Structure formats: structure tokens, C-alpha cells
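Data block below; observations after.
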Amino acid sequence: MTALLTLAVLATLLGGTLFAVALDRAYLPLLALFTRQRVETEAPDRLNRDLAPAWYLALAAIGIAVVPFAPDLALIDSPVGIVIWGSCEALIVVTVFLHGWSPNAPFPLIGAYRYAAIGLPVMLPSMFVLIAAALPAESLSLVAIVDSQREVWNVIRQPLGLPLFMVVALAMTLRGPMDYADAADIATGTSAEDSGAGRAVWQIARLAMLVSVSAIAATVFLGGPLGPVLPGPVWLWLKTGALMALTVWIGNRVARTTPSRMLTILWVVLLPLSFLHLLISGLIEL
Amino acid sequence: MTDLMIALLVAFAVWTGWRVFRVDSMVRASFALMLSFVAVGAIGVLLSAPYIGVATVFMMAVEMMVMAIFMVMFMMNPAGLNPMVMVHQHRLSIGAGLVAFFGLSAAVLLSPLPSNPVAPGTDVVAQLGHELLGPSMLIFETAGVTLLATMVGAVILSSRQGRFGSADEGSRPPGLTEGGDPAGRQPEGGGGHGHHHHGGH
């Protein structure tokens, strides 16, 4: 059973990543990168430069491993599933920072510090939104959170949750308005000095992370594997795919503002909004 | 099996902890310390304390990210990639290290350790929650308010709009003698902002 579930998780991650590649229309650029040679920077931190893409990919895999594929079935069926995902988010910020810090070059370093400054305040709304989703379930387990949505999905019961979590999803996948790490305005930032296969793996990890964060959002807000007629995993795939497409669409449509203004938005608007969200969700559950 | 994994994680935690003092950059030191705590968190998970273990990973990832930023910010080595020596005050730190090592070892060896394994199926996370928000409430609330005060203090100290006006305007270094001229290089010419410097724009 565990072997089958592991296979399903890996297949979902792979299939989802291919779907993300299609959404981004990135097949040819990614394939071409594997044939290019590597370009070295002066005195890089080799360990972190080589491992950062692998860590990003590993965090995407851990994230999707805690997602229940059927109402009572998750590969990592932990009583603290959403805290595991929270740890993944925190480690993503560290990974992106190290990816930008390790080449020892100006643009990646600017991207790394910009992302650390934006990523840390993004974690706070994320935590409040996830804790709010845990309230009706009275548990930190994702299986219990799915179970609590049998009658009404969290997206209806807690309407602010999904929009706030979409901001987190954009930040965790370095996309559109929240892409302060790899943005075009600083010559692709943390990946400016990436080349060859290393660059391709980083981009693939970014797309794999889109699958994981969308699967978590589908589980927490859209009832995950719950749904009529079709089997659980199919519902999870449909919901995850829809959220991936929505994230890519928002990323392409919404403009990015300056980091300083985004910091103000995060601390002054989104953080109080997530407090309010937690308060309302708590009062409803009382 | 669990014993072997705990032994490996302990070895990893000790090795990464040792690396903190042997690497030559603040960023490497911060994240070596983070890896050490991640191993400790994994040991917590193996000891049937899932919330404490996973929360340790979460807290340490955020904390070490903040620490790396702040340490690099206050160092003379802006990127954190230039080599620097991580150890200083050798005698004092060796003494403190030995005292801490023997003290903790004595505490481990001399205190009677409990041996009551958690029954499988116990809802340990809920029990921890009841403990934190029940008998231990006062301790955690005190710690929470103290941390909040520290954070407010840190923001005030590092804010650009300080108590005495904008931080980047009209600041004068203190004098070399009591009431003397400010230290450092004096601006050239009276009042001018050196228009000849703008040639390269």
C-alpha cells in the first residue's frame, strides 16, 4: 500500500510538473538548457550552489507527500501535517536565499536578500490562514482538515483564506507579483548566474513547487479528494490543476510593485487581514 | 532501528554544530546551526513529540534566516562570502564550553531519567496543547510578551525614522574629545555638496 501511494505521489508530482511546463510553455527552453555547458562564477559556494535546486525539489516532494490522496490516506499521515508544510515554506525561503547567495555575484545576491525580506512576512499570513483552516477540524492533521470539509468547503466557510494563500503560493513558486527572487528587473536574480543542467533543475523545481503548493491549497480550501462519482485522487488532480492554472494566470496578469511598497502591503494590509480572518474563523467555530 | 536513526541524527547534529565554529562566514555558520537544529527536531519526531520536533524545524528555519540577515547587516563583510574568523575570546569560550559540557553531562548522568513509553494511539499533540494553554500558560505568555517587547525594540532601533529625526540626515559622529570636533572625514568646502563629484552620471 505504502509503495503504491509513494508511486502515486511521485507520478502526481511528475505529471503536475509536466502540466506546469505546458502552462508556462517552457518545454523547449528547458530541454535546450540540458545541452548547454556550465559557466562558473568566481569563488562560489559550490556546495550550496549545486544543492539548492535539489533542496527546492525535495521540499516540493515533502509538501505533496503530506497531501491526502483519499479521504483517509496520505503518504505522510502526520498529526501535524500543516506544520510540516509550514516548515517546508520556511525552508523554501532559506533555499532560495542560499541559491542566490552561493554564486558570489551581485544580481543573485540582490535577489536573495529581496526574497528573504519579502518571504519572511509572507510566512505570517500563511500560518494564520493554515491555523484558521485547522480550527473547524480541531486538528493540525491534513486528513482531519479534509474530513472537516465534508459538508462545506473551507473556501466558502473561510472566504479570505484562499485569496491570502494564493499570495503565499505566488511567493513560494517565485511567480508574477511575488517574484522578488528571480525577476526580470534584476536579470533573473538568484538564477542570473545559473547555467546548463543546474539552471534547468532549478526551473523544474520551481514548477514542481507549483504542483505542491496548489495541492496543499486544494486540500485545505477545496476539500482535497472529496467529491461525488469520481475517485478521490482524480478530484485532487482536478482541483490541483485548476489552482495551478489560476496561479499561473494571476502571475501573468498582475504587475509586480517595488519591494518596499510590497513590504508595506504585506505588513500593513495582508497581516492584519489574516488576523481578522483568524478571528472571524475562530468566532464562527465557537 | 529508531535507536540507530537517533544515533545518526545526534552525530549529524554534533558535526553541523562543530561546523558552525569552523566555517568562515556568518551565512554558512547560521545555516550549519540550522541543520543542527533540524537534526534535533527530527530526533523529537522520533521520540513521539511530532509537534515539538516539526515546530523546531519551522522556527529554526525562520530564525536562522533572520539571523543570517542581521549578522551580515551588522558585519563589515556585506555579502558574508569573504572569509572571516568565527572564534574569539579563546580562553573565556574554552572555559565556558568546558563548564557547560561537564555541567550538562553531569545533569544527564546524575538525574533519574523517566522510563514510561507513550502508549501507541495517545493524542500527544492535544495533550501538549492542553499543557501549554493550561498549567504552563503563565510561562508561555511571559515569554511571548518579552519577545514582543524585544521585537518592538529592535524595530525602533533599526528604524529610519528614529526618535531624533531621520537616521540618514544630519547625523554627526561623536567627538574625539569631550565636546571636540566630530571624528571622521570632514566635508570639503562650506555647505556645498561637491558638484564636481557628479561627473560620472
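Rounded to the nearest 0.05, what FRET efficiency do residue A:50 and residue A:283 have when you use their Cβ-Cβ distance and R0 = 56 Å? Numbers along the way, then the final one.
On the way: r = 49 Å, r/R0 = 0.88.
The calculated FRET efficiency here is 0.70.
Would you order B:141, B:63 from fewest to most other beta-carbon atoms within 10 Å of each residue's own beta-carbon?
Values: B:141 11, B:63 15.
Ranked by crowding around the Cβ, least crowded first: B:141, B:63.
Cβ under 15 Å from residue A:71's Cβ, residue A:71 left aside: what net charge do those residues give with Lys, Arg +1 and Asp, Glu -1? Could you put the intermediate results ahead of the total?
Details: positive: A:150, A:239; negative: A:72, A:77, A:147, A:151.
That works out to -2.
What translational diffusion coefficient, in µm²/s and rounded to a whole number, does the Stokes-Einstein relation yield for the protein assembly as shown at 4 °C and a viscosity of 1.567 mPa s, taking the hydrodynamic radius as the Kirkwood radius over Cα pairs? The partial results should precede the final answer.
Details: Rh = 25.0 Å.
Taking Rh from Cα pairs, D becomes 52 µm²/s.
Counting other C-beta atoms within 10 Å, and keeping those with at most 14, which DSSP coil trypsin sites (Lys or Arg not before Pro) do you find in region A:107-185?
Details: sites: A:114, A:150, A:157, A:175; in loops: A:150, A:175.
Those satisfying the criteria are A:150.
Can you tell me the Rg and Dmax of region A:1-116, counting just the alpha carbons, in angstroms?
Over region A:1-116's Cα set, Rg and Dmax evaluate to 17.0, 51 Å.
Using the Kirkwood formula on the Cα atoms of region B:124-164, what hydrodynamic radius do you get, in angstrom to one decimal? Mind showing how you got there, number by number?
Working: mean 1/r = 0.0816 Å⁻¹.
Evaluated over region B:124-164, this radius sits at 12.3 Å.
Output ³J(HN,Hα) for region A:98-106: one whole-Hz value per residue in order, computed from phi by the Karplus curve 6.51 cos²θ - 1.76 cosθ + 1.60 with θ = phi - 60°, and x for Gly and Pro.
Per-residue couplings from phi come out as 5, 4, x, 6, 5, x, 6, 9, x Hz.
Using 1/(1 + (r/R0)^6) with R0 = 22 angstrom and r between the beta carbons of residue A:31 and residue A:185, what's the FRET efficiency to the nearest 0.05?
Working: r = 27 Å, r/R0 = 1.22.
With R0 = 22 Å, the Cβ-Cβ based efficiency is 0.25.
I'd like the mean, over residues of A:83-94, of how many other protein chain beta carbons sit within 10 Å of each residue's own Cβ. Present the calculation step by step, with values, prior to reporting the outcome.
Values: counts 8, 6, 2, 7, 12, 3, 3, 10, 8, 1, 3, 9.
Average neighbour count from other chains, rounded to a whole number: 6.
What average count of beta carbons from other chains do you get within 10 Å of the Cβ of residues in B:60-67? Provide the component values of the computation, followed by the final result.
Values: counts 4, 11, 12, 1, 2, 10, 2, 0.
Mean partner shielding for this stretch: 5.
Any idea what angle helix A:161-172 forms with the longest principal axis of chain A, computed on alpha-carbon atoms, 0 to 90 degrees, nearest 10?
The helix A:161-172 is inclined about 20 degrees to chain A.
List, in order, the whole-Hz ³J(HN,Hα) value for each residue of region B:33-40 obtained from phi through the Karplus relation with A = 6.51, B = -1.76, C = 1.60 and θ = phi - 60°; use x for Gly and Pro.
Values, residue by residue: 5, 4, 4, 4, 5, 4, 5, 4 Hz.
Where the Cα atoms of region B:1-123 are projected onto their three principal axes, how long is each span, largest first, in whole Å?
Per principal axis, max minus min of the Cα coordinates gives 53, 31, 22 Å.
Could you give the angle, 0 to 90 degrees to the nearest 10, between helix A:271-285's Cα long axis and the longest principal axis of the Cα atoms of chain A?
Relative to chain A, helix A:271-285 is tipped by roughly 20 degrees.
Can you compute the label reach from residue A:117? Point 7 Å from Cα along the Cβ direction, backbone N cut-off under 11 Å, restricted to region A:251-286.
The answer is A:258-264, whose backbone nitrogens lie closer than 11 Å to the label point.
Can you list the HN-Hα couplings for region A:262-270, worked out from phi with the Karplus curve (6.51, -1.76, 1.60; θ = phi - 60°), rounded to whole Hz and with x for Gly and Pro?
For region A:262-270, the Karplus curve yields 5, 4, 4, 4, 5, 7, 9, 9, 6 Hz.
Which parts of region B:1-36 would a label at residue B:90 reach, counting a residue when its backbone N lies under 16 Å from a point 7 Å out along Cα-to-Cβ?
Within reach of a label on residue B:90, which here means backbone N under 16 Å from a point 7 Å along Cα→Cβ, region B:1-36 contributes B:22.
Would you calculate the separation in nanometres between label points at residue B:133 and residue A:195, each defined as 7 Å from the Cα along the Cα-to-beta-carbon direction?
With each label placed 7 Å out from Cα toward Cβ, I get 5.6 nm.
Read-outs throughout are calculated quantities, based only on the coordinates presented, and are distinct from any laboratory measurement. Source: prediction; values computed, not measured. Glycine also receives a Cβ, built like all others from the backbone with ideal geometry; neighbour counts cover every protein chain displayed.
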